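The values are calculated or read from the model by the stated rules, or taken from the named source; none is laboratory data. Model, not experiment: these values are computed from the prediction. FYI the Cβ positions are ideal-geometry reconstructions off the backbone, even for glycines, and counts take in every protein chain you see.
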Amino acid sequence: MPARTREQTIVLTMEFLNFLIILWAAWLVWRRPERERLAFRLLVISCLLMAFLFFIGSHGSLIPGVNL
């Protein structure tokens, strides 16, 4: 099994964090419906985190590699 690079470890950690945020939001809606606003905010944060990870992963295809 090949060793992971530091960037791969960070991405995997961020994806796991995103999963935990989604799971927490689902738990809030299921067990504490009065905290629905917090759950919605957590889902918005999760979406922003996913977009951030996408832009990090596709950086080379969005910005040309000239003088960077």
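Overview of values
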read-out	value
Close pairs (9 angstrom Cβ cut-off, 6 or more residues apart or separate chains): assigned to a loop (DSSP other than H, G, I, E, B) and at pLDDT 75 or above in segment 1-14, surrounded by 11 or more Cβ atoms within 10 Å (Cβ to Cβ) and not basic (Lys, Arg) anywhere	Arg4/Leu12
Selection count where residues are in contact with a helix residue (DSSP H, G or I) (Cβ under 7 Å, 6 or more places away or on another chain) and not charged (D, E, K, R), scope segment 12-42	11
Of all residues in segment 16-40 being of a type in the set (D, E, K, R) and loosely packed, with under 13 Cβ neighbours inside 10 Å, the one that is farthest from the chain's Cα centre (by Cα)	Glu34
Long-range neighbours under 7 Å by Cβ, at least six apart or interchain, first residue of a type in the set (Lys, Arg) within segment 24-40, second part of a helix (DSSP H, G or I)	Arg35/Leu28
